[in-house]
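S.K.: Here it is, the structure in full.
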Amino acid sequence: MARIIVGSYVVRFPLGGYLSWALQWIVGFQRLGHEVYFVEKSGWPNSCYDPSNDTMSDDCAYGIEALVAHLEPFGLQERWCYVDARGEYHGLSRERVEATFASADLFVDMGTHGTWLPEAEHSSLRVLVDGDPGYTQMRALANEEDLGEYDHYYSVGRNVGTDGCTVPTMGLTWRPMFDPVVVDLFPPRPVKDSAPFSTVMAWQSYRPIEFEGTVYGSKDREFEKFIDLPQRTGVPLELAVGGHRVPERRLRRAGWRLRNPLAATRSAESYRAFIASSRGEFSVSKNFYVATNSAFFSDRSAAYLASGRPVVMQETGFSRHLPCGRGLFAVKTVEEAAAAIETVTADYPRQSGWAREIAREHLDTSVVLGSFLNGLGIA
């Protein structure tokens, strides 16, 4: 049994998708028989989002309550630490955290921006997992920053560092992996005849970045290619969409149903319920992922597949690494998206079964994290 510390952001942004994303890793390591801890730091002033009043502040109470509530069912409610903007430790004490790092076999950094590297100095292995391929590297280069000293670097952009992918490597060797999913946390449920294809998305996640003469951005830059998809299929299409400058009136005129993203993602439970209420997922990908051919595949889409909900996702190069055409479809045009949705609808029971089979065979934590740990020499 290894002692593994996972560093990510949950307290700062305690919404269903982020809670679910971190939980798959934490519970996944636990299911493999390891001793798992979660750590997080505020990082900067006013970094904590409170969805109950839609504010940003230094108050971490809401996020801590959400974190503990989601760790408790797995017996992990005492294996976490959050360091707030004043430097106060919540959960594990400073002494306990430092001792845990000193005896840790592995520290997995999933977006703490290196804030735990001093504590991790004496851990046996330090690994950075890049969850936002392209943006991570281009942002660092634009700001003349490095990514910190780790023993190994992984990316969920499975093409990073290979021919045909334009994500800058920064001189680092990037090992490929998928975001994992604990399949049995997403049990398949009956589907209503009126259920839509849906997704949860941010219209603009961050400002565009210009790199080597090309401007890269978020999903808003790709959605234009698929704006009239509702007019090409009889299946309802629904977006739980947030972010900056969402063109709600135009989307509704084009036939998209819009849902309040906070209602759909208030908790991991509401997030799972939103997915379960859907017939499948249609999603565009961030422009960063598409334009660089990164082969990114979303942890959210993995959750849809695990739920037995077929996925129609804009191609990023992931079809090179996952079986497509049954339960999962990689599309480049609105015509291909409409055809894929009709294919799913025409043979839904089997398409649903194939979707869950892909999740089990390729994305389950036993497969993804098992391979990850084996590659690090951790049994």
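FYI, it's all coordinate maths here, none of it is from the lab. Not measured: the values here are computed from a predicted model. Heads up, the Cβs are rebuilt from the backbone with ideal geometry, glycines too, and the neighbour counts pull from every protein chain shown.
S.K.: Which residues make up the longest stretch of the chain that has no GluC sites (Glu not before Pro) in a DSSP loop with at most 15 other Cβ atoms within 10 Å?
M.R.: 213-379
S.K.: Would you please name the chymotrypsin sites (Phe, Trp or Tyr not before Pro) within the range 305-379 that are DSSP coil residues with at most 11 other C-beta atoms within 10 Å of their C-beta?
M.R.: none
S.K.: Still on this model: With unit charges on the beta carbons (Lys and Arg positive, Asp and Glu negative) and the dipole taken about the Cα centre of the chain, which residue among A355, V108, G63 sits farthest to the positive side?
M.R.: A355
S.K.: What nm distance separates the two modelled labels at M56 and Q231, each placed 7 Å from Cα along Cα→Cβ?
M.R.: Between M56 and Q231, the label points sit 3.7 nm apart.
S.K.: Where in the chain lies the longest segment free of trypsin sites (Lys or Arg not before Pro) that are both loop residues by DSSP (not H, G, I, E, B) and have at most 16 other Cβ atoms within 10 Å?
M.R.: The segment 87-191 is the longest one with no such site.
S.K.: If you build a Gaussian network model of the chain, linking Cα atoms that sit under 10 Å apart, which residue out of G114, G75, G63 swings the most?
M.R.: G75
S.K.: With the cut-off at 1.5 for a/c, could you classify the range 204-343 from its C-alpha gyration tensor as rounded, prolate or oblate?
M.R.: Verdict is rounded for the range 204-343.
S.K.: Residue farthest toward the positive end of the dipole of the range 40-187, with Cβ of Lys/Arg at +1 and Asp/Glu at -1: which of T166, W80, S93?
M.R.: Toward the positive end, the furthest listed residue is T166.
S.K.: Sticking with this one: Can you give the net charge of the other residues whose Cβ lies under 12 Å from the Cβ of M170, counting K and R as +1 and D and E as -1?
M.R.: -3
S.K.: Could you tell me which of F318, A276, A306 has its Cα farthest along the dipole of the range 183-362 towards the positive end, charges placed at Cβ (Lys, Arg +1; Asp, Glu -1), taken about the Cα centre?
M.R.: Value computed over the given set: A276.
S.K.: Using the Karplus curve 6.51 cos²θ - 1.76 cosθ + 1.60 with θ = phi - 60°, work out ³J(HN,Hα) for each residue of the range 183-192 in order, rounded to whole Hz, and write x for Gly and Pro.
M.R.: Each residue of the range 183-192 in turn: 4, 6, 7, 10, x, x, 10, x, 10, 6 Hz.
S.K.: Could I ask something else about it? Suppose a student asked you for the relative contact order of the chain, using Cα pairs under 8 Å spaced at least 6 residues apart; what percent would you report?
M.R.: 17 percent
S.K.: Also, quick follow-up: Given Cβ point charges of +1 (Lys, Arg) and -1 (Asp, Glu) and nothing else, what value in debye, to the nearest 20, does the dipole of the chain about its Cα centre take?
M.R.: The dipole magnitude comes to about 1420 debye.
S.K.: Share of antiparallel DSSP beta bridges in the range 183-362, in percent to the nearest 5?
M.R.: In the range 183-362, DSSP labels about 15 percent of beta bridges as antiparallel.
S.K.: Using the crude model of +1 on Lys and Arg Cβ and -1 on Asp and Glu Cβ, and no other charge, please compute the dipole size for the range 50-95 relative to its Cα centre, in debye to 20.
M.R.: Dipole size: approximately 200 debye.
S.K.: For V181, list long-range residues whose amide hydrogen, built 1.01 Å from N in the peptide plane, is under 5 Å from its own amide hydrogen.
M.R.: For V181, whose amide H was placed from the backbone, the distant partners under 5 Å are D364, T365.
S.K.: Related question: Would you grab the residues whose amide H sits under 5 Å from the one on S155? Only those 5+ places off in sequence or on another chain, please, with H modelled 1.01 Å from N.
M.R.: Result for S155 returns D130, R175, M177.
S.K.: If I take R0 = 30 Å and measure r between the Cβ atoms of S124 and W44 in this structure, what FRET efficiency does the formula 1/(1 + (r/R0)^6) give, to the nearest 0.05?
M.R.: Result of the calculation: an efficiency of 0.55.
S.K.: Which of the chymotrypsin sites (Phe, Trp or Tyr not before Pro) found in the range 18-103 are in a DSSP loop and have at most 10 neighbouring Cβ atoms, other than their own, within 10 Å?
M.R.: Here no loop site has a sparse enough neighbourhood.
S.K.: Another one. Counting Lys and Arg as +1 and Asp and Glu as -1, each charge on the Cβ, what is the dipole of the range 183-362 about the Cα centre in debye, to the nearest 20?
M.R.: Taking the Cα centre of the range 183-362 as origin, the dipole is about 500 debye.
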